[in-house]
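**Q** Below you'll find the structure I mean.
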Amino acid sequence: MKQKEVFQSVPGILRPFKDFLEKKGLKAGDQVVYYGCPGTCTPFVELLGFAVRGMNLEQVFVPYVDESKAQKLKQVPDIGMQAAGAVKVSSPKAVVVMGGLAMPNVPVTLEQVKAAVEKYPDATFIGICFMKMFEKGGWLKAMDFDLLIDATIDPVEVWK
């Protein structure tokens with residue numbers, strides 16, 4: 001069984017992610033590829049990318065699992081990380097699967113995601129989700145993440 005630690009808030013997602021990549025020995029120029037849903041996963045990928053900006057990694061967002069639509073993430077001064085044009089996925093050192101892919105009604109299957117990431121057996125394998133989405137979707141039985149970050153957004157308070 002893997003060791004579980006509990007953190008708080010947004011830094012509780014970002015710091016363990018950065019620490020993990022640093023401990024894995026990723027260095028400037030290494031490629032990190034994030035697979036996720038356009039729109040909903042993108043802001044979280046941008047946050048993760050911003051957290052590791054000082055590592056000077058080549059960061060790539062792949063919508064769903066369509067690598068032909070991969071976009072390089074670039075730091076925009078005074079804004080944060082943003083998609084900045086087409087890029088080729090090539091020998092990533094880390095592969096990150098976002099939990100949005102495990103949500104109902106998303107147009108990809110677990111098998112498609114597995115096929116996409118298993119092309120990179122030497123990459124460290126990271127899962128990032130919210131609200132136990134990988135567990136609820138049954139993905140934890142089929143995927144063995146080297147690092148799993150499962151955050152909770154609860155409660156959500158709305159004041160009107």
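**Q** Does the chain come out rounded, prolate or oblate by the C-alpha gyration tensor, with a ≥ b ≥ c the root eigenvalues, rounded set by a/c under 1.5 and, if not, prolate when a/b is larger than b/c and oblate if not?
**A** The shape class here is rounded.
**Q** Rounded to the nearest 5, what % of the DSSP beta bridges within the chain are antiparallel ones?
**A** Rounded to the nearest five, the antiparallel share is 30 percent.
**Q** Distance check, please: which entries in K24/K72; K23/K88; K69/K160; K24/K114; K74/K141 exceed 31 angstrom between their Cα atoms?
**A** K69/K160; K74/K141
**Q** Could you please rank K160, K4, placing first whichever residue has the fewest other Cβ atoms within 10 Å of its Cβ?
**A** With the fewest neighbours first, K160, K4 line up as K160, K4.
**Q** Same structure again: Nearest 0.05, what FRET efficiency do K114 and K136 give at R0 = 25 Å with Cβ-Cβ as r?
**A** Taking R0 as 25 Å, the efficiency between K114 and K136 is 0.90.
**Q** Give me the number: length gained by fully extending E5 to I79, i.e. 0.36 nm times residue separation minus the C-alpha to C-alpha distance, one decimal in nm.
**A** Taking E5 through I79 to full extension adds about 23.6 nm, to one decimal.
**Q** Could you tell me how far the Cα centroid of segment 138-160 sits from the Cα centroid of segment 1-56, in Å?
**A** 14
**Q** Add -39500 (n - 2.57) for each DSSP H run of 4 or more in the chain, then divide by its residues: what number comes out at 222 nm, to the nearest 500 deg cm²/dmol?
**A** So the helix-based figure for the chain works out to -6000 deg cm²/dmol.
**Q** Hey, another quick one. In segment 119-134, which residues have a backbone nitrogen under 14 Å from the label point lying 7 Å from S90's Cα in the Cα-to-Cβ direction?
**A** none
**Q** Give me the number: length gained by fully extending V156 to A28, i.e. 0.36 nm times residue separation minus the C-alpha to C-alpha distance, one decimal in nm.
**A** Here the answer is 42.3 nm.
**Q** Moving on. Under 5 Å between amide hydrogens, which residues at least 5 positions from Q59 or on another chain qualify, with H placed 1.01 Å from N in the peptide plane?
**A** Amide H neighbours of Q59, under 5 Å, 5+ apart: V32, L73.
**Q** Relative contact order for the chain: what percent, with Cα pairs under 8 Å and sequence separation of 6 or more?
**A** 19
**Q** Using θ = phi - 60° and the Karplus curve 6.51 cos²θ - 1.76 cosθ + 1.60, what whole-Hz ³J(HN,Hα) does each residue of segment 90-100 get, with Gly and Pro shown as x?
**A** Values, residue by residue: 8, 6, x, 8, 9, 10, 10, 9, 8, x, x Hz.
Every number in this text was worked out from the coordinates using simple rules, so none of it is lab data. From a predicted model like this one, the values you see are computed outputs, not experimental measurements. For neighbour counting, all protein chains shown are included, and Cβ atoms are generated from backbone atoms with ideal geometry for every residue, glycine included.
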